[in-house]
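In what follows, a structure is listed as structure tokens, so that the remarks can point back to it.
The values are calculated or read from the model by the stated rules, or taken from the named source; none is laboratory data. Please read all numbers here as calculations on a predicted model, not as lab measurements. FYI the Cβ positions are ideal-geometry reconstructions off the backbone, even for glycines, and counts take in every protein chain you see. With ligands, DNA and RNA removed, areas are computed over all heavy atoms of the protein, side chains included. Shrake-Rupley method; radii C 1.70, N 1.55, O 1.52, S 1.80 Å.
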Amino acid sequence: GGSSIMATLNATNLKHASSSSNNIVLAANGSVNIPTLTTNSQFGNLRQYKILSKTTKSSITGTTPTLIPDFSITITPTASDSIMVVKATMFCSINTHVILFRIYNGTTQIIQPASFDSHDDGTGAWYGSGDRMSNQHVAAFETSGNTNARTYNVYWNVTGGTGWINRYQGSDSYNSTSILEVMEVAP
């Protein structure tokens, strides 16, 4: 029966679609052996991945874009042709007007609209008149251009009122977390 089949099953080999020799071996004991992947392999596109959670609460009242505290990732690209992908998922709240978010490399905004107003446009914006909470998802990307270390972060501002991250604006009764991700991907 079943025990004789289990005794004869030592491993399962999965071949990469473009290779007859790159086997991923799933052993009967549960271990996995994955071969070294080349840069042109379909599995080798992700060069680096960093992730950060922001658990602290912050607020803003200004119209000038400002760095969100405790929400930055420093990374050193492994190649100058890498695509650097930055994603932020933030829990936010505002009592009136608009809250805006932008992704920066240091102090330089990565992507901005073709028609840009210095404080009314961003990578992501949300109008939250009244008692509102929202999850905002913003993303941007750029070519690394070199292998120098850089810090990716999120700037924010409001057009009026008070904006919050990781907390409901009306009281400290509703709290959450926000996530920042940076991926270095082969072109």
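Which one of these does SER118 not meet: (1) modelled with pLDDT of 85 or more; (2) hydroxyl-bearing (Ser, Thr, Tyr); (3) surrounded by fewer than 17 Cβ atoms within 10 Å (Cβ to Cβ)?
SER118 satisfies every listed condition except (1).
Give me the pairs: first residue in the range 153-170 and under 10 Å from MET90 (Cβ atoms) and touching a residue at least 12 places away in the same chain (Cβ under 8 Å), second residue among the aliphatic types (A, V, I, L, M) and open to solvent by less than 40 Å² (accessible area, probe 1.4 Å), beta-carbon distance under 6 Å, and six or more apart or on different chains, which are they?
VAL154/ILE68; VAL154/ALA88; VAL154/ILE103; TRP156/ILE60; TRP156/ILE68; ILE165/MET90
Would you please name the residue that is most open to solvent (accessible area, probe 1.4 Å), looking only at residues in the range 165-187 that are within 17 Å of PHE101 (Cα to Cα) and at pLDDT 90 or above?
Applying the filter and picking the extreme gives THR177.
Among the residues of the range 57-103, which ones are open to solvent by 10 Å² or more (accessible area, probe 1.4 Å), in a strand (DSSP E or B) and within 12 Å of GLY161 (Cα to Cα)?
SER59, ILE60, VAL98
Which ones in the range 135-164 are surrounded by 16 or more Cβ atoms within 10 Å (Cβ to Cβ), within 21 Å of the chain's Cα centre (by Cα) and within 25 Å of THR63 (Cα to Cα)?
GLN136, VAL138, ALA140, TYR152, ASN153, VAL154, TYR155, TRP156, ASN157, TRP164
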